[in-house]
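Visitor: Sharing a structure with you now.
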Amino acid sequence: MCLTSHNSAMAKNVFFFGLIIAASGLISPPIALALGLVYGFSFAHPYHADSRKLSKFLLQISVVGLGFGMNLQQVLQAGRSGFLYTAISISVAMMIGLTLGRVIGVRRIAAFLISTGTAICGGSAIAAVGPIANATDEEMAVSLGTVFVLNSVALLAFPAIGTALHLTQSQFGLWAALAIHDTSSVVGAAAKFGAASLAVGTTVKLARALWIVPLSLVTAIITKSKARIHWPWFIGFFCLAAVANTYVPQLKSLYPALAHLGVTGLTVTLFLIGTGLSKATLREVGIRPLLQGVLLWAIVGLVSLQMIRMGWIHL
């Protein structure tokens with residue numbers, strides 16, 4: 001009992017120490033994620049449920065903060081230019097994902113959720129569509145776990161791949177927005193690659209996240225569900241922040257500080273996300289859903305990368 005109590009106390013102390021380091025501004029978002037992953041595989045998380053809730057809310061607030069560093073014209077241009085690519089890629093990704101799910105033998109709703117998370121915006125899309133599709137807790141956990149694992153890999157791997165292939169800032173930002181699941185990982189990877197990449201990646205990804213709404217409506221109609229649709233409110237506030245940064249110069253002294261808070265919040269978010277990944281999470285996901293997620297992600301990532309490099313997709 002004493003040993004268990006000691007381990008629990010150590011887990012709590014290390015967790016709070018990592019949280020303070022992530023919030024200090026001394027480390028980058030990818031490093032924060034890496035530290036979180038080390039923690040997740042080393043300790044039994046003492047605040048697992050609270051940490052997951054906090055990371056979701058903190059991500060949304062951080063995205064709003066990042067809006068104070070964006071110019072509205074850039075936001076509108078990126079969203080408008082990426083609209084057609086987004087519509088096509090979401091439709092194709094959903095069809096391929098559902099087909100892979102049937103071939104591999106993944107449960108229908110779990111396959112749908114994994115496809116949705118890959119096609120739109122990871123955990124946010126799954127959390128919005130899951131209740132409407134009448135997903136069980138197990139199906140939600142498996143789908144979120146699959147996307148969660150791949151997000152962590154993408155955040156660490158994409159900047160290295162982009163550098164090796166000599167992608168431009170715009171190319172990398174667009175690729176990250178199209179091929180990485182969660183907004184947090186897109187922002188983290190793009191921020192590591194460069195400021196211009198961050199602007200492109202964030203705006204295109206947020207425009208992509210808007211597709212949660214029509215997909216939720218279609219899912220509700222098909223399943224005749226009466227579950228409440230979760231609207232992505234933070235996207236609207238992100239746009240308002242960009243409007244303020246562009247057209248309210250009287251407060252321009254505040255905007256850099258608010259944008260910096262957004263980056264700090266993102267860093268803490270990625271640390272929290274990393275702490276939630278453990279050996280138990282990997283076991284919970286299972287082989288088949290993870291295989292579906294990996295294959296779909298590989299197809300989306302490779303095809304979009306090739307099309308961007310060939311100039312077929314651009315801003």
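The values are calculated or read from the model by the stated rules, or taken from the named source; none is laboratory data. For clarity, every value in this text was computed on a predicted model and none was experimentally measured. Cβ atoms come from the backbone with ideal geometry, glycine included; neighbour counts cover every protein chain shown.
Visitor: Can you tell me which residue within region 19-41, out of those that are in contact with a helix residue (DSSP H, G or I) (Cβ under 8 Å, 6 or more places away or on another chain) and of a type outside the set (A, V, I, L, M), is farthest from residue 191 (Cα to Cα)?
Guide: 41
Visitor: Would you mind stating whether residue 25 is of a type in the set (Gly, Ala, Ser) and farther than 23 Å from residue 145 by Cβ?
Guide: So residue 25 fits the description; yes.
Visitor: With the requirement that a residue be without any contact (Cβ under 8 Å) to a residue 60 or more places away in the chain and either assigned to a helix (DSSP H, G or I) or of a type in the set (Gly, Ala, Ser) (or both), what does region 272-315 give you?
Guide: Those that are without any contact (Cβ under 8 Å) to a residue 60 or more places away in the chain and either assigned to a helix (DSSP H, G or I) or of a type in the set (Gly, Ala, Ser) (or both): 280, 283, 287, 298, 302, 303, 306, 307, 311.
Visitor: On to the next question. Looking at region 157-191 only, could you name the residues that are in a helix (DSSP H, G or I) and within 13 Å of the chain's Cα centre (by Cα)?
Guide: Residues satisfying the conditions are 176, 177, 178, 179, 183, 184, 185, 186, 187, 188, 189, 190.
Visitor: Considering only region 225-266, state which residues are at pLDDT 85 or above and of a type in the set (Val, Ile, Thr).
Guide: 243, 246, 248, 264
Visitor: Would you confirm whether any residue within region 159-171 is under 24 Å from residue 94 (Cβ atoms) and surrounded by 24 or more Cβ atoms within 10 Å (Cβ to Cβ)?
Guide: No: region 159-171 contains no residue that is under 24 Å from residue 94 (Cβ atoms) and surrounded by 24 or more Cβ atoms within 10 Å (Cβ to Cβ).
Visitor: Could I ask something else about it? Can you run down the residue pairs with Cβ atoms below 7 Å, 6 or more apart or on separate chains, where the first is in region 46-58 and free of Cβ contacts under 8 Å to residues at least 40 places away in the same chain and the partner is surrounded by 16 or more Cβ atoms within 10 Å (Cβ to Cβ)?
Guide: 46/11; 46/15; 47/15
Visitor: Looking at region 100-111, can you tell me whether even one residue there is within 21 Å of residue 209 (Cβ to Cβ), touching a residue at least 24 places away in the same chain (Cβ under 8 Å) and among the β-branched types (Val, Ile, Thr)?
Guide: No, region 100-111 contains no residue that is within 21 Å of residue 209 (Cβ to Cβ), touching a residue at least 24 places away in the same chain (Cβ under 8 Å) and among the β-branched types (Val, Ile, Thr).
Visitor: Then there's this: Checking residue 12 against (1) within 18 Å of residue 177 (Cβ to Cβ); (2) touching a residue at least 24 places away in the same chain (Cβ under 8 Å); (3) surrounded by fewer than 17 Cβ atoms within 10 Å (Cβ to Cβ): exactly one of these is not met. Which one?
Guide: Just one mismatch for residue 12, condition (1).
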